[in-house]
Protein chains: 2
Amino acid sequence: MARKSKVTSLDIAERAGVSQATVSRVLCGSPLVNVETRKRVEEAVRELNYKVDRHASSLRTQRSGTLALLLFEDPTPDDSHINPFFLSMLGSITRACARHGHDLLVSFQQLSDDWHADYEDSMKADGLILLGYGDYLAYRGKLDSLVEQGTHFVRWGAVLPGQPGISIGCDNHHGGRLVGEHLAGLGRRRIAFLGDASSHYPEFFDRYRGCDAALQAQGLRMEPALQVDAVSSEEAGYEAARSLMARQEPFDAVFAASDLIAIGAMRALTEAGHRVPEDIAVAGFDDIPMARFAQPALTTVYQDTSRAGALLVESLLAQIGNRPVQSTTLPASLVVRRSSGAG
Amino acid sequence: MARKSKVTSLDIAERAGVSQATVSRVLCGSPLVNVETRKRVEEAVRELNYKVDRHASSLRTQRSGTLALLLFEDPTPDDSHINPFFLSMLGSITRACARHGHDLLVSFQQLSDDWHADYEDSMKADGLILLGYGDYLAYRGKLDSLVEQGTHFVRWGAVLPGQPGISIGCDNHHGGRLVGEHLAGLGRRRIAFLGDASSHYPEFFDRYRGCDAALQAQGLRMEPALQVDAVSSEEAGYEAARSLMARQEPFDAVFAASDLIAIGAMRALTEAGHRVPEDIAVAGFDDIPMARFAQPALTTVYQDTSRAGALLVESLLAQIGNRPVQSTTLPASLVVRRSSGAG
DNA sequence: CTGAAAGCGCTTACAG
DNA sequence: CTGAAAGCGCTTACAG
């Protein structure tokens, strides 16, 4: 069952009665080829089921036709619990790559890893897409060195002034504001926030501040006593909600920085005898598929992963092609379900 | 911000005062290098931040050090709704690749696409991992041609006698049996099955037969009148459950061929006024993360995706290295939650 | 243990 | 429009 010996462009050239260079021209879609010649070559290609060797081609052109997706979550011991939100992004990024004729290399990284240069230096990929939550301050230095090395990359995340490289992100502040207005509009007054609210996690921080802005418009505010740190996982949400309850500070709503946190929080609240949404209204962020099936179904903020993925790929490709690119903020929209107690 | 001109092994050779061939030997870990020489080279590599050019290396060795994961689901118009079960597999496959020093190319495919040869012929990947449900009979022909071309591949799916290529799968029959024993043990007598139960979908069919075997041990059986076709999606599960109810055949349990189907079915049942599990017990298959959060939490069959991913990668690598490989069936285990009405 | 040299399979100026 | 030739950056027999 040995593979047939490899078909090269020379075999095609011979069969079509042309030079190898002409075969290459046909396959690159060069316009400098006679129509008849082209046809003969294409036929030979089909007959011998020839495929251009990507390595030879890339070695010559110094372009790999491949993008690398680096997915990182800091404390992820377990394979299978990657944040579903990023998985959705992965799906749309893969498709966007395919649409643009590029391949996608996928890799999971620890934030602590030394991932920042490998892919482009070894020519494995023409550029990097960075995805994942993590301590922004801890990896800002890595972004700086990527920029310094001239590596092409785009990042999903908060769009910050003076930030290294380019980012595509959702309007976290507006998303937070929508949640704040919604909960306050339903009469909630003491809204707890589960998730980091500091410049270490700019996305979460923006969501927090957006919510706070909405409250302030009504003469209310987010209480620091009602904020509990949490990374984006169900377990962290559960623990954060328990810490919150242990503080004995009254609250009538929870805004979780992500859906995973919200789902964990609802579990803790319910276990402790609180009714959601009657006693405590809950809202999340991301609109992961699970949100619809949570009990009660989770009110959350939708981010258009399909568009985000396409934009990430297109921006990266533009950057690689030396076309102008800029960071972009995508809209966020509120999805009202039962957990917030509306209707 | 132009990239520094590329560092090659010649630059390293010059700096270390050796030939380029020696540099290459050091980087390939060849034992035929003097310790002192090796040190000098390694230092130069570090100083210039040199990385071996993968294309040049692959062109020379005819090995790419890359595996391709082809994920297909037949009717998947929407990016973001890839079956979570496969996403878990993706996670563990990615990690297994990394452990073995290989890169992973990911691609979503329609079953109808002409994917079967591209990756290996163009040298993009040394082998293929095929993942996805779909009409087995429709793509068995493609497996045959992969074998014929000598392409290296492994497939996640049912392990069937006389099957082309090698497969890693879970013990679907045993999983189905566990569900059948569980439901019958709880006094359920008329168990509906949602999902294809034919050789077009061998995994589903095995689950069906396993359940039937358990019932027969108790003098019961699966009724053809209670079987409804469904692909693995929430929507399909919802529709299938509605068709089932429209038949007006009595049933007291539903065994869904996948968790997604089960979740859709529970929605349809609840909407129609049935209580789960009091009126109708429900069980699924896969144990996707969502299963825990369904309402009620879903009884299901767990498959070890972590081990499955590792085994897929290792089998493929063994095959590429001409080491002996064989198809393997992994164990399945029952996870009892509220939806089946136990306890 | 080390070096000189061939060659992997392409793409792309350069001539014509 | 087409061909002959150089060269991308490695790895690996072949000599020594």
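The values are calculated or read from the model by the stated rules, or taken from the named source; none is laboratory data. Since we're looking at a predicted model, the values are computed, not measured. We place every Cβ from the backbone using ideal geometry, glycine too, and count neighbours over all the protein chains shown. The accessibility values were calculated without ligands, DNA or RNA, using every heavy atom of the protein model including side chains. Shrake-Rupley method; radii C 1.70, N 1.55, O 1.52, S 1.80 Å.
Residues that are buried (at least 22 other Cβ atoms within 10 Å of the Cβ), touching a strand residue (DSSP E or B) at 6+ places or on another chain (Cβ under 6 Å) and not basic (Lys, Arg): does the range A:246-254 have at least one?
There is at least one residue in the range A:246-254 that is buried (at least 22 other Cβ atoms within 10 Å of the Cβ), touching a strand residue (DSSP E or B) at 6+ places or on another chain (Cβ under 6 Å) and not basic (Lys, Arg).
Among the residues of the range B:264-289, those identified as within 14 Å of another protein chain (Cβ to nearest Cβ) and open to solvent by 10 Å² or more (accessible area, probe 1.4 Å) are B:Arg267, B:Thr270, B:Glu271, B:Val276, B:Asp287, B:Pro289.
Filtering the range A:67-75 for residues that are in contact with a strand residue (DSSP E or B) (Cβ under 9 Å, 6 or more places away or on another chain), of a type in the set (Gly, Ala, Ser) and at pLDDT below 90 leaves an empty set. Based on this model, can you work out whether B:Gln110 counts as surrounded by fewer than 21 Cβ atoms within 10 Å (Cβ to Cβ), under 27 Å from A:Gly101 (Cβ atoms) and at the interface with chain A (Cβ under 8 Å from one of its Cβ atoms)? Considered against the rule, which asks whether it is surrounded by fewer than 21 Cβ atoms within 10 Å (Cβ to Cβ), under 27 Å from A:Gly101 (Cβ atoms) and at the interface with chain A (Cβ under 8 Å from one of its Cβ atoms), B:Gln110 comes out as no. Of the residues in the range A:150-158, at least one is away from chain B (no Cβ under 14 Å) and of a type in the set (D, E, K, R).
Yes or no, residue by residue, for (1) among the aliphatic types (A, V, I, L, M); (2) at pLDDT 85 or above:
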{"site": "A:Tyr133", "(1), (2)": "no, no"}
{"site": "A:Tyr136", "(1), (2)": "no, no"}
{"site": "A:Gly141", "(1), (2)": "no, no"}
{"site": "A:Asp144", "(1), (2)": "no, yes"}
{"site": "A:Glu148", "(1), (2)": "no, no"}
{"site": "A:Phe153", "(1), (2)": "no, yes"}
{"site": "A:Trp156", "(1), (2)": "no, yes"}
{"site": "A:Val159", "(1), (2)": "yes, yes"}
{"site": "A:Asp171", "(1), (2)": "no, yes"}
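Here is a check on your reading of the model: is B:Arg60 assigned to a helix (DSSP H, G or I), under 40 Å from the mean Cα position of the chain (by Cα), within 10 Å of another protein chain (Cβ to nearest Cβ) and without any contact (Cβ under 8 Å) to a residue 40 or more places away in the chain? Yes, satisfied. When the range A:290-301 is filtered for residues that are surrounded by fewer than 24 Cβ atoms within 10 Å (Cβ to Cβ) and either away from chain B (no Cβ under 11 Å) or free of Cβ contacts under 8 Å to residues at least 12 places away in the same chain (or both), only A:Phe293 remains. Is it true that A:Ile129 is open to solvent by 20 Å² or more (accessible area, probe 1.4 Å), of a type in the set (Val, Ile, Thr) and within 30 Å of B:Leu105 (Cβ to Cβ)? No; evaluated as a whole, the condition is false for this residue.
Would you pick out the residues in the range B:85-101 that are surrounded by 21 or more Cβ atoms within 10 Å (Cβ to Cβ), facing another protein chain (nearest Cβ under 7 Å) and not small (Gly, Ala, Ser)? Talk me through it step by step, then tell me what you get.
Taking the range B:85-101 first, the residues surrounded by 21 or more Cβ atoms within 10 Å (Cβ to Cβ) are B:85-94, B:96-97.
Applying the additional criterion that residues be facing another protein chain (nearest Cβ under 7 Å) yields B:87-88, B:91-92, B:94.
Listed by number, the residues that qualify are B:Leu87, B:Thr94.
Is it true that A:Val26 is more than 8 Å from every other protein chain (Cβ to nearest Cβ), crowded, with 16+ Cβ neighbours inside 10 Å and at pLDDT 90 or above?
Values: more than 8 Å from every other protein chain (Cβ to nearest Cβ): yes; crowded, with 16+ Cβ neighbours inside 10 Å: yes; at pLDDT 90 or above: yes.
Yes: the conditions hold for A:Val26.
It is to be established whether one or more residues within the range B:123-135 are touching a Ser or Thr at 6+ places or on another chain (Cβ under 8 Å) and more than 14 Å from every other protein chain (Cβ to nearest Cβ). First the steps, then the outcome.
Kept after step one, since they are touching a Ser or Thr at 6+ places or on another chain (Cβ under 8 Å), are these residues of the range B:123-135: B:123-128, B:133.
Filter again for more than 14 Å from every other protein chain (Cβ to nearest Cβ), leaving B:133.
Yes - at least one qualifying residue is present in the range B:123-135.
Kindly provide the set of residues from the range A:121-138 that are within 29 Å of B:Leu67 (Cα to Cα) and either out of contact with any Lys or Arg (no Cβ under 8 Å at 6 or more places or on another chain) or in contact (Cβ under 8 Å) with a residue 40 or more places away in the chain (or both), ordered by number. Of everything in the range A:121-138, those that are within 29 Å of B:Leu67 (Cα to Cα) and either out of contact with any Lys or Arg (no Cβ under 8 Å at 6 or more places or on another chain) or in contact (Cβ under 8 Å) with a residue 40 or more places away in the chain (or both) turn out to be A:Met123, A:Lys124, A:Ala125, A:Asp126, A:Gly127, A:Leu128, A:Ile129, A:Leu130, A:Leu131, A:Gly132, A:Tyr133, A:Gly134. When the residues of the range A:302-314 are filtered to those that are surrounded by 24 or more Cβ atoms within 10 Å (Cβ to Cβ) and at the interface with another protein chain (Cβ under 9 Å from one of its Cβ atoms), the one that is modelled with the lowest pLDDT is A:Thr305.
Filter the range B:40-51 down to residues that are open to solvent by less than 60 Å² (accessible area, probe 1.4 Å) and at the interface with chain A (Cβ under 10 Å from one of its Cβ atoms) and give me whichever is nearest to B:Leu316 (Cα to Cα).
The first filter runs over the range B:40-51 and keeps only residues open to solvent by less than 60 Å² (accessible area, probe 1.4 Å), leaving B:41, B:44-45, B:48, B:50-51.
Remaining after also requiring at the interface with chain A (Cβ under 10 Å from one of its Cβ atoms): B:50-51.
Details: B:Tyr50: 30, B:Lys51: 27 Å.
In this case the residue turns out to be B:Lys51.
Residues that are surrounded by fewer than 16 Cβ atoms within 10 Å (Cβ to Cβ) and without any contact (Cβ under 8 Å) to a residue 24 or more places away in the chain within the range B:315-343 comprise B:Gly321, B:Asn322, B:Arg323, B:Pro324, B:Gly343, listed in sequence order.
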